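Please read the structure below before turning to the comments.
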Amino acid sequence: MANTQRRLAALLLLAALLAACAAGVPSDPSPPPSAVGAGASGNGPDTTEQETAGDAAAEPGASAEAEQGPAAPPAGGPSGDLPSADLPAQADGPTPADTPPAPLPDLPEGEPSRLVVHGDRSCAMVALTYDAGSGADGAEAILDVLRKHGVTATFFLTGRWAEQFPDLARRIADEGHEVGNHTYSHPDLTTLPDEEVLQQIADGEEAIRLATGLDPRPLFREPYGAFSDHERRLVRQAGYSYSIYWEVDTLDWTFPGVEATTERILRAQAGSIVLMHLNVADSAAASDAAIGELRARGYEIVPVSRLLQCTTEAEAAQPETGGN
């Protein structure tokens, strides 16, 4: 009897010890309240995925934010002391440099196209432009240089050139460059009757569209830089609001050599539009030499439309004058 009682007491004691152990050790341990919201180093948040979902459910408007995707990181990079490796991967999408500028405003019907020689001087930008009227001796090398430097330029193509060199025209488009209309066959428009001017512009546009898949509007460049007020009214009638001239003429078509062409490119200042040609092989080496120097001087190399957008923004920011 005594032995039975001792065994029963031992079993009760063992059961009590097991129950105490089970109560004191949780099966799914959680951090103490003081640790929630602090990283291992104590320098920043370490919010878990479960906590983020819980917070979103509790906050008004969280479902709309979830549909729109995560908020963009603050300008200037991440804050706090977290190393970049600890940051979540960003969603795929265009970088600021890949984002196209806002559409340029169209001019009212009946007005001449806007003649643009350079952009606003407050814009620390230079636009490199290349005309394609005849030949393509430098085209491949020029495109290679622009790709090497990550530069987007503006190419003014004639329709005949686009038909003659469709692979190059397509490459211009595929590599993200901008195209403008340079007529179909490069005549002096100021010497032609109105209907022929309009036909040159329309035929050039159609050939450029077929070769590149791009719409060259609203950028037009008159062959030889020959223009008149009446001619520019016809350009606007054809759907082009901007006649793009140039401030820096490299005269590369006279084949002065790489050094002379480079020196002329480097005459550019804030807002400059630089003229070169795709049939000049030396313009590739000159562009290669000049791009790094222009950037070192603080200039961004941009397509014409981006320079015009900056100019439009600068003009809109000018205070109004006159009146009471």
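The values are calculated or read from the model by the stated rules, or taken from the named source; none is laboratory data. The model shown is predicted, which means the values in this text are computed figures rather than measured ones. Cβ placement follows ideal geometry from the backbone for every residue including glycine, while neighbour counts extend to all protein chains displayed.
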Within segment 181-287, helices (runs of 4 or more DSSP H) holding 3 or more residues that are under 23 Å from the mean Cα position of the chain (by Cα) and either under 13 Å from Thr158 (Cα atoms) or of a type in the set (D, E, K, R) (or both): 194-212
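Which one of Ala285, Ala268, Ala281 is out of contact with any Asp or Glu (no Cβ under 8 Å at 6 or more places or on another chain) and on the phi < 0 side of the Ramachandran plot? Please lay out each step first, then the result.
Numbers: Ala268 fails: out of contact with any Asp or Glu (no Cβ under 8 Å at 6 or more places or on another chain); Ala281 fails: out of contact with any Asp or Glu (no Cβ under 8 Å at 6 or more places or on another chain).
Ala285 is the lone residue from the list that is out of contact with any Asp or Glu (no Cβ under 8 Å at 6 or more places or on another chain) and on the phi < 0 side of the Ramachandran plot.
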From Ser241, Ser228, which residue is farther than 21 Å from Leu104 by Cβ, of a type outside the set (Asp, Glu) and either touching a Leu at 6+ places or on another chain (Cβ under 8 Å) or at pLDDT 95 or above (or both)? Ser228
Do the conditions hold for Glu293, that is, is it within 12 Å of Val248 (Cβ to Cβ), at pLDDT 95 or above, part of a helix (DSSP H, G or I) and of a type in the set (Asp, Glu)? no
Are any residues in segment 277-296 in contact with a strand residue (DSSP E or B) (Cβ under 9 Å, 6 or more places away or on another chain) and surrounded by fewer than 18 Cβ atoms within 10 Å (Cβ to Cβ), and if so, which ones? Arg295
Mind checking which residues of segment 146-180 are surrounded by fewer than 24 Cβ atoms within 10 Å (Cβ to Cβ) and more than 17 Å from the chain's Cα centre (by Cα)? Arg160, Glu163, Gln164, Phe165, Pro166, Asp167, Leu168, Arg170, Arg171
For segment 252-276, enumerate the residues that are touching a helix residue (DSSP H, G or I) at 6+ places or on another chain (Cβ under 6 Å) and surrounded by 23 or more Cβ atoms within 10 Å (Cβ to Cβ). Asp252, Thr261, Ile265, Val274, Met276
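Considering Leu189, Leu143, Leu198, which residue is out of contact with any Ser or Thr (no Cβ under 8 Å at 6 or more places or on another chain), closer than 24 Å to Pro108 by Cα and surrounded by 14 or more Cβ atoms within 10 Å (Cβ to Cβ)? Show your work before the answer.
Working: Leu189 fails: out of contact with any Ser or Thr (no Cβ under 8 Å at 6 or more places or on another chain); Leu143 fails: closer than 24 Å to Pro108 by Cα.
Being out of contact with any Ser or Thr (no Cβ under 8 Å at 6 or more places or on another chain), closer than 24 Å to Pro108 by Cα and surrounded by 14 or more Cβ atoms within 10 Å (Cβ to Cβ) holds for just one of Leu189, Leu143, Leu198, which is Leu198.
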Quick check, is Tyr184 among the hydroxyl-bearing types (Ser, Thr, Tyr) and under 21 Å from Val126 (Cβ atoms)? no
Among (1) touching a Leu at 6+ places or on another chain (Cβ under 7 Å); (2) over 20 Å from Arg306 (Cα atoms), Pro112 falls short only on (1)
Unique match (being in contact with a Gly (Cβ under 8 Å, 6 or more places away or on another chain) and not aliphatic (A, V, I, L, M)) among Arg209, Arg221, Arg171: Arg221
List the number of the failed condition for Gly213; all other conditions in (1) over 16 Å from Asp131 (Cβ atoms); (2) buried (at least 17 other Cβ atoms within 10 Å of the Cβ) hold. (2)
